[in-house]
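So the structure is just underneath, and the comments pick up after that.
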Amino acid sequence: MTHSKPPLWRDHRFWQIIVQLAAVICAILIVVILGLNLNRNLQQLGIKFGFNFLQQEASFDIGETILSYQPTDTYTRALLVGLINSLRVAIAGIFLTTIVGITAGIARLSDNWLVRNISLVYVEIFRNTPLLLQLFFWYFAVFLSLPNVEHKASVLGLIKFSQNGIELLGLNFSPEFSTLLLGLTFYTASFIAEIVRGGIQSVAKGQWEAGRSLGLKPSLIMRLVVLPQALRVIVPPLTSQYLNLAKNSSLAIAIGYPDIYFVASTTFNQTGKAVEVMLLIMLTYLTFSLIISFLMNLLNHTVQIQEK
Amino acid sequence: MRKSTLILAIAPLIFMLGACNSESDKTRDPTNTASNTEAPVARNTLNTVNNIKKRGKLICGVSGELPGFSFLGTDGKYSGIDVDICRAIAVVLFDNPDAVEFRNLNAKERFTVLQTGEIDILSRNTTWILSRDASISLDFAPVIFYDGQGIMIRKNSGIKSLEDLKGKGICVQTGTTNEQNLADQMRKLNVSYKPVVFEDVNITFATYSEGRCDAITADRSALVSRRTTLPKPEDNVILDELLSSEPLAPAVKQGDSQWTDLVTWVVYTLIKAEELGINSQNLAKFSTNTDPNIKRFLGTEGNLGEGLGLSNDFAAKIIKNVGNYGEIYDRNLGKNSQLNLARNQNRLWTQGGLLYSPPFR
């Protein structure tokens, strides 16, 4: 049985490599063609590509800033202020939406008829209406309908409500920030509630019965037995919801909250640098999303069953 | 079996390679020539007038939400001074003031849309400033309305001047010169304030009207115009203080001087007609006038239209269909309109205003 080597073109692996190479070349070519096309169009319009504008004076004001910011600062500084504002709402939003979502998800399975149905109505309303509409609702129907500054409403002196925002233990939240935060929280939490419900229901009935036979209270069974197992199912889709929340925060522009997208679009309007600014925004949101994904993958790794 | 899968795998590959080659060839050529011959001035290739004529209508970018400037009425028709500029251009190109497609644009997107050629002309209460003219590559036609930025407040707020706005919320629209002027003025006065900035003009005014802001800033004409749409217009006052001067002018994409010239001289025609006392009512009487200036202007003598690529009676056509500047002003902003704005700076230079047309000869 002398086995002569088959010719190269009959080799399966050879073709696999060729196909992949061709796909890569094609992808690169498409990018190059688009780049050349862009370059040519910009040339025709007499626009120079470049990021030098970032060092110019921004000369517009930003309503909410954590970093100190003056209109005399550069566009870079303005964008940084916007970035911090985006992060602020995204991080607070992810934190709150997790709490609200898990609560609503567990409530959906409650033995109490009222609790179960309140949760159902909440989920169905918030999941099935557009987020932009909800933001306008929160803004005009809730926050701007609060009493004006002279007649603030107050709960035990701890929280004060007025048209100028919420004052909580000395911290002041503007109506725009509060609108965006609550809008994103309740919208995303309605999806998370369904994910949590699905996750809990995926745990076998025997687990509940085993817990009961050990004499555990229902709340303890949920916390110690069911939820840890449900997390395996919950965490992967939860990641997408966090990503959605972070990306949806760009709707801030509709209700006047100065997030990164808002500041960037003012920048692009003033400088006319559409392509550069869009590239910056895309890069920012991509970085956001990749970081969230990375952290959630770490979490996912810890909740999965460890094979021994 | 294996052979057939192999062929299936190869077929799209060959197809793809072929597609790549032909695509890259096609695109390589024009870019090469572009970089070699067209160098920095690849501009005379724009032929806006021909494109518009081929298309059969003018595409005009307007606001659509500012009564007096451009507003879509309940009858489905646009009206306003910005709209009439576009109609006047449609008249000289097509002999038809309705050969215009209006596109509503917000303040932010307007320049990009013009740069990319989605619209032929931007006639949208746009302030003529150096950076827009130079860095954003626009060309401006003559000013059609001299405006200034003002501040509106509620009557019962006790605010009398800009200094009183310390620590108060001021509503403003993004993408406007108003946003920057406000920042400049307050910096000059060293007054700290809370800007509440929106992209949409309706939301900006709604938020002010709900009481979130103590003041709202915009061009004075816009404040007067939008005040009419507030729930209780009489409860709002516009302060006398002016934050800036805002010359509003139509803009076109830079680089097609034939098109820029045409738009420029259409605007001058409106002003010149008022100066000469010719309007849509008395136009017929002027056809027998013997003044050579008027004969040249109306095209009964000479060939002024030719240079612009128009018929010689283009001015007469504009006046007949749209009227002169005074008529347009009175109809949209002045005494025959709801706004009833005094003409002030927007009078002819002969009457102490700023409107002036170079000679038609």
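The longest stretch of chain A left intact once loop-based chymotrypsin sites (Phe, Trp or Tyr not before Pro) with at most 14 other Cβ atoms within 10 Å are removed from consideration, loops following DSSP, is A:52-308. Each eigenvalue of the Cα gyration tensor of segment B:147-247, multiplied by 5 and square-rooted, gives one semi-axis; in descending order these are 18, 15, 13 Å. Model label sites at B:ASP261 and B:ARG103, defined 7 Å from Cα along the beta-carbon direction, differ in position by 2.6 nm.
For segment B:84-110, list residues with backbone N below 12 Å from a point placed 7 Å from the Cα of B:LEU339 toward its Cβ? Under cut-off, by backbone N: B:84. Mean silhouette area of chain A, derived from the convex hull of its C-alpha atoms and averaged over all directions, reads 28.5 nm². For segment B:247-338, what does the alpha-carbon gyration tensor say about shape, rounded, prolate or oblate, given a ≥ b ≥ c as the root eigenvalues, a/c under 1.5 as rounded, and a/b over b/c as prolate? In terms of gyration-tensor shape, oblate. Plainly put, chain B has a radius of gyration that is 1.10 times its Kirkwood radius, both from alpha-carbon atoms, as the Rg/Rh ratio. The ranking of B:ASP82, B:ASP98 from fewest to most other beta carbons within 10 Å of each one's beta carbon is B:ASP98, B:ASP82. If you run the Gaussian network model on chain B, springs between alpha carbon atoms under 10 Å, then out of B:ASN104, B:ASN346, B:ASN51 the most flexible one is B:ASN51. With a Förster radius of 51 Å applied to the beta-carbon distance between A:PHE137 and B:ASP95, the computed FRET efficiency rounds to 0.55.
For the protein assembly as shown, the alpha carbon positions stretch 111, 90, 46 Å along the principal axes, listed from largest to smallest. Proximity of backbone amide H atoms, modeled 1.01 Å from N, is registered between B:LYS194 and B:GLY167, B:LYS168, B:GLY169, B:ILE170 at under 5 Å, excluding neighbours fewer than 5 places apart on the same chain. Taking every DSSP beta bridge that has both ends in the protein assembly as shown, the antiparallel portion is near 70%.
Of all beta bridges that DSSP places with both ends in segment B:147-247, some 60 percent have antiparallel geometry. In segment B:61-147, a dipole from Cβ-located charges (positive for Lys and Arg, negative for Asp and Glu) runs towards its positive end, and of B:LEU72, B:SER137, B:ALA90 it is B:SER137 whose Cα lies farthest in that direction. Here chain B is assigned +1 on the Cβ of each Lys and Arg and -1 on the Cβ of each Asp and Glu. Its dipole about the Cα centre then comes out at about 420 debye. Normalised by the number of residues in chain B, the mean separation of alpha-carbon contacts (under 8 Å, six or more apart) gives a relative contact order of 19 percent.
Averaged over peptide B:205-213, the number of partner chain Cβ atoms lying within 10 Å of each residue's Cβ comes to 5. With r as the distance between the Cβ atoms of B:ASP75 and B:ASN50 and R0 = 30 Å, compute the FRET efficiency 1/(1 + (r/R0)^6) and round to 0.05. After rounding, the FRET efficiency stands at 0.35. Membrane-span-like helices in chain A (whole DSSP H runs, Cα extent of at least 24 Å along the helix axis, mean Kyte-Doolittle hydropathy of at least -1.0): A:12-45, A:75-107, A:175-201, A:227-248, A:274-303.
At an R0 of 41 angstrom, the distance between the Cβ atoms of A:LEU216 and A:ARG127 translates into a FRET efficiency of 0.80. Database remark: amide H of B:PHE145 closer than 5 angstrom to the amide H of B:LEU248 (H placed geometrically; neighbours at sequence offset of 5 or more, or on other chains; Pro and chain starts carry no H). If both residues of a DSSP beta bridge must be in chain B, then about 60% of such bridges are antiparallel.
Give me the one-decimal nm value for the distance between modelled label points at A:TRP9 and A:PHE51, 7 Å along each residue's Cα-to-Cβ direction. Between A:TRP9 and A:PHE51, the simple spin-label model gives 4.8 nm.
Relative to one another, the C-alpha centroids of segment A:73-93 and segment B:74-127 are positioned 36 Å apart. Label positions at A:LEU299 and B:GLU234, each projected 7 Å from the Cα along the C-beta direction, are separated by 5.8 nm.
Quick note: the coordinates plus some simple rules give every number you see, no bench work behind them. This structure is a prediction, so every number in the text was calculated from the model and none was measured. Glycine gets a Cβ as well: all are built from the backbone with ideal geometry, and neighbour counts include every protein chain shown.
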